[in-house]
Amino acid sequence: MGQNRTATTRLALGTGIALVAALGLAGCGGAKVGESGGDSASGECGTFNLAINPWVGYKANAAVIAHVAETELGCTVNKKDLKEEIAWQGFGSGEVDAIVENWGHADLKKKYIEEQQTAVEAGSTGVDGEIGWYVPPWMVEKYPDITDWKNLNKYSDLFQTSESGDKGQLLDGDPSFVTNDEALVRNLDLDYKVVYGGSETALIQGFRQAQEQKKPFLGYFYSPHWLFQDIKLAKVQLPPHTEGCDADEQKVACGYPEYDLDKIVSKKFADAGGPAYQLVQNFKWTNEDQNVVAGYIAKDKMSPEAAAKKWVEENQDKVEAWLP
């Protein structure tokens, strides 16, 4: 989940030279930066360059698509671990063919789809996304009104940490994730400081420890996510989201919208219309499907490849509907 169109840009989009360097540093998973995009105009799949963004829900989407592309279509799939903004830049250079879970990003769509015309939309994943602030369930039992943002200042001292000083801590994840949290804290006059844990794993560990040890914890999180099956996290009710309420980063004072998580592909990849593109375009599943595969990966410690294989074997009817 990448940076919001209204969020402060922490990973600046660079020049073409910077892009090549960034991709070179970020690429992994066996992919060699510089390999060309999908060569599928002939009807054969060829090479399929698939961006892998850093959260398990995305990895579940990508693992299943990659498994089907390799086993059913004969594609050579190059998986590239990239921050979201960097992945978008890769459309123009041919480094990236597909992003398979996009959280909004009106700013990036405007830049890469409308202006540069290097990317196109490839439809919904079928997954509905939600972002918010959460506390562990024990806190709601002890402080029932804590889930109303208007009451957060009353409890800010509970959330003080060495990183937040005399303010309450709101823990965010990877700095590249979609977030308006710094603006929200400022514009809602909350006595809190946003601290970045650096990853999805840090958030999960924070919520787990908070519930097990009955420690105060306020964190950014999102759904779908398998963690909700283990811990019934309670969502803090922020001011309702209305159309355009987050258009101005400096003035945003509303909660997050509901997201129809979609797929974005390079224009070249789409124009070629090969089997891998058709697979990505047809791919659609549910929040529950994603949670199953994400759980295999994160809880059962299966490799993404093994998790995808297991799910595909158990859901052949769904997979057949995606095939060209």
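For the stretch 181-231: of the residues being β-branched (V, I, T) and outside any loop (DSSP other than H, G, I, E, B), which is farthest from K301 (Cα to Cα)?
Residue satisfying both the conditions and the ranking: V185.
Tell me yes or no: at least one residue of the stretch 64-81 is more than 25 Å from K301 (Cα to Cα) and among the hydrophobic types (A, V, I, L, M, F, W, C).
yes
Being closer than 22 Å to A87 by Cα, touching a residue at least 60 places away in the same chain (Cβ under 8 Å) and open to solvent by 20 Å² or more (accessible area, probe 1.4 Å) narrows it down to one of K268, K251, so name that one.
K268
Kindly indicate whether K309 is touching a Phe, Trp or Tyr at 6+ places or on another chain (Cβ under 7 Å) and not hydroxyl-bearing (S, T, Y).
no
Residue by residue through the stretch 95-107, note down the ones that are over 13 Å from the mean Cα position of the chain (by Cα) and open to solvent by 10 Å² or more (accessible area, probe 1.4 Å).
E95, A106, D107
Output the number of residues of the stretch 224-245 satisfying the condition of being touching a Lys or Arg at 6+ places or on another chain (Cβ under 8 Å) and farther than 16 Å from E212 by Cβ.
Result for the stretch 224-245: 1.
Scan the stretch 297-314 for residues that are farther than 16 Å from F283 by Cα, open to solvent by 30 Å² or more (accessible area, probe 1.4 Å) and in contact (Cβ under 8 Å) with a residue 60 or more places away in the chain and report the count.
3
Could you tell me how many of the residues in the stretch 74-94 are charged (D, E, K, R) and either modelled with pLDDT under 95 or within 13 Å of the chain's Cα centre (by Cα) (or both)?
Qualifying residue count for the region: 4.
Are any residues in the stretch 246-303 among the hydrophobic types (A, V, I, L, M, F, W, C) and in a helix (DSSP H, G or I), and if so, which ones?
F269, A270, A272, A276, L279, V280, V292, V293, A294, I297, A298 - these are the residues of the stretch 246-303 that are among the hydrophobic types (A, V, I, L, M, F, W, C) and in a helix (DSSP H, G or I).
How many of the residues in the stretch 91-107 are more than 19 Å from I131 (Cα to Cα) and in a helix (DSSP H, G or I)?
Within the stretch 91-107, residues that are more than 19 Å from I131 (Cα to Cα) and in a helix (DSSP H, G or I) number 3.
Taking P239 as meeting all but one of (1) in contact with a Gly (Cβ under 7 Å, 6 or more places away or on another chain); (2) open to solvent by 30 Å² or more (accessible area, probe 1.4 Å); (3) more than 30 Å from V120 (Cα to Cα); (4) in contact (Cβ under 8 Å) with a residue 24 or more places away in the chain, write down the number of the exception.
For P239, the failing item is (2).
Have a look at L218, L233 and point out the one that is under 23 Å from G57 (Cα atoms), touching a strand residue (DSSP E or B) at 6+ places or on another chain (Cβ under 6 Å), open to solvent by less than 10 Å² (accessible area, probe 1.4 Å) and at pLDDT 95 or above.
The unique qualifying residue is L218.
Can you say whether S124 is at pLDDT 95 or above, assigned to a loop (DSSP other than H, G, I, E, B), surrounded by fewer than 24 Cβ atoms within 10 Å (Cβ to Cβ) and polar (S, T, N, Q), as far as the supplied structure shows?
The answer is no for S124.
Mind listing whichever residues of the stretch 174-185 are open to solvent by less than 40 Å² (accessible area, probe 1.4 Å) and either under 12 Å from W133 (Cβ atoms) or modelled with pLDDT of 95 or more (or both)?
Within the stretch 174-185, T179, N180, D181, A183, L184, V185 qualify.
I want to confirm something. Restricting to the stretch 45-90 and keeping residues that are part of a helix (DSSP H, G or I), touching a strand residue (DSSP E or B) at 6+ places or on another chain (Cβ under 8 Å) and open to solvent by 10 Å² or more (accessible area, probe 1.4 Å), which single residue is nearest to Y277 (Cα to Cα)?
Step by step, filter the stretch 45-90, then rank; the result is E70.
Please list, ordered by first then second residue, the pairs with beta carbon atoms under 7 Å, 6 or more apart or interchain, first in the stretch 194-209 and closer than 17 Å to Q160 by Cβ, second open to solvent by less than 60 Å² (accessible area, probe 1.4 Å) and among the aromatic types (F, W, Y).
So the pair list comes out as G206/F217.
Residues E163, E114, E141, E130: which one is out of contact with any Lys or Arg (no Cβ under 6 Å at 6 or more places or on another chain), charged (D, E, K, R), part of a strand (DSSP E or B) and surrounded by fewer than 19 Cβ atoms within 10 Å (Cβ to Cβ)?
E130 is the lone residue from the list that is out of contact with any Lys or Arg (no Cβ under 6 Å at 6 or more places or on another chain), charged (D, E, K, R), part of a strand (DSSP E or B) and surrounded by fewer than 19 Cβ atoms within 10 Å (Cβ to Cβ).
The values are calculated or read from the model by the stated rules, or taken from the named source; none is laboratory data. Computed from a predicted model, the values in this text were never measured in an experiment. Counting neighbours? That spans all protein chains shown, and the Cβs are built from the backbone with ideal geometry, glycine included. In case anyone asks, the SASA skips ligands and DNA or RNA and just uses the protein heavy atoms, side chains included. Shrake-Rupley method; radii C 1.70, N 1.55, O 1.52, S 1.80 Å.
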